[in-house]
Amino acid sequence: MKQFLKIFKVAFQAINKNRTRSILTMLGIIIGVAAVIMTISAGEGATQQVQDQISGLGTNLLMISTKEEHRGGINVRMGRPIEKKDLDILQKSSVWMSKISPLVAIGAQVIGAAGYVSTTVYGVSNQYFDILSREIVSGNAFTAEDVTTARKFCVIGETIREEIFPGQDPIGRQIRINKVPFTVVGLLKEEGEGTMGQDQDDIVIAPYTTVQNRLFGHRRGYNMIMASALSEDHILDAEIEATELLRESHRILDQDEDDFEITTQIELQEITGNVTGILTIILGAIASISLIVGGIGIMNIMLVSVTERTREIGTRLAIGARESDILTQFLIEAIVLSLTGGILGIILGIIGNQIIFKATGFYIPTVAYSVLIGFGFAVLVGVVFGYFPARKAAKLNPIDALRYE
């Protein structure tokens, strides 16, 4: 133990003797560890933000759409469109779904008192607001009767209000959607960016019957049907029920595959979690390249150190030092450089996360495993890239080393 402590002391003295060179050598490790921590933490922050936004929609959401395949850069419909008879059978026969709304979407130009804006108009039923937990902060949502009679009413998001009614109360005001007059009856609560970075307030919502008849020209099909299960515990029951009812509606034989897709809230969270997880791993791997560069710097400087201290090594070997003592000394020097750089890199990574949060408002949690990964890489780099120079020093011939000029 005493001999080991002595080796440590000699290693620290050698590092301290060339402080500037040691600091520059550690710089690659510092930057590499900080980059790994910040990258992994940013990925975790993005994942958490996406999951929180999806959870904000509730935990019992189902989205039913026509099956599609990606071919030649475009989505190709592989089944029958979702139509009114599908909606009717779900509304009449469903036991496990409490609220159901069709959804049709169209890009449109909206003209108001202060100008115009291009946006997306969603045609839905009055139950849409409960399904997606969209709150009305001013005015009211349109009613089931408004949907049945295809009234030209609409609810707008905050972004639309700022564009066409800046500083004004939009309730009761007239807007034109693709030249068709609508009356604004409600203003949605501001939501900000969605899971994919889209502006959730850049939206106009109207009865789907009105959108189909006045904007689409009597279109029959829907983009999707959205529904909410009775509770989170019954979401699987609702999915199975919807599958059976739609197979009956589409007259699909037992041996044939579904020509529609049902995505639940749980599946949506798993998909987004997998995507952000893969991105985090890729970005973390890219950031780790800087650690390899730092390791090469350590190996380079240790080789220079071996050359500079050849006579010292020869003298120690001549007076009785073993090869293992020399190997341990130089390996400890490399590990100390790497570990010190790793500790400083951890501190820099944590500070960097806080700076990004203060500058952008994007919350980046410094997760424990990112620190462990960064520190573990630093130790590994020190051992791997320090071993070759240490072995070279240990294998020097004492006589040749003493004669070295």
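The values are calculated or read from the model by the stated rules, or taken from the named source; none is laboratory data. Small disclaimer: the values here were computed from a predicted structure and weren't measured. A quick note on method: Cβ atoms are made from the backbone with ideal geometry, for glycine too, and the neighbour counts reach across all protein chains shown.
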Margin query: Checking the condition in the same structural domain as residue 31 (by TED's automatic domain parsing), under 24 Å from residue 28 (Cα atoms) and modelled with pLDDT under 80, which residue from 367, 371 passes?
Written below: 367
Next item on the list: Answer yes if at least one residue in the stretch 273-287 is modelled with pLDDT under 85 and closer than 22 Å to residue 124 by Cβ, and no otherwise.
Entry: no
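It is to be established whether one or more residues within the stretch 48-55 are surrounded by 15 or more Cβ atoms within 10 Å (Cβ to Cβ), farther than 18 Å from residue 263 by Cα and at pLDDT below 75. Even if it seems obvious, please write down each step before you answer.
Initially, the stretch 48-55 is screened for residues surrounded by 15 or more Cβ atoms within 10 Å (Cβ to Cβ), giving 48-51, 53-54.
From the residues that got through so far, the ones that are farther than 18 Å from residue 263 by Cα too are 48-49.
Of the ones still in play, those that are also at pLDDT below 75 are 48-49.
Yes, the stretch 48-55 has at least one match.
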Note to self: Being touching a residue at least 60 places away in the same chain (Cβ under 8 Å), surrounded by 17 or more Cβ atoms within 10 Å (Cβ to Cβ) and over 16 Å from residue 84 (Cα atoms) is the filter here; which residues of the stretch 235-258 pass it?
What the structure shows: 235, 238, 239, 241
Checklist line | Selection within the stretch 20-43 - of a type in the set (D, E, K, R) and surrounded by 20 or more Cβ atoms within 10 Å (Cβ to Cβ) | finding: none
Next item on the list: Kindly list the number of the only condition in (1) in a helix (DSSP H, G or I); (2) touching a helix residue (DSSP H, G or I) at 6+ places or on another chain (Cβ under 6 Å); (3) modelled with pLDDT of 90 or more that fails for residue 34.
Entry: (3)
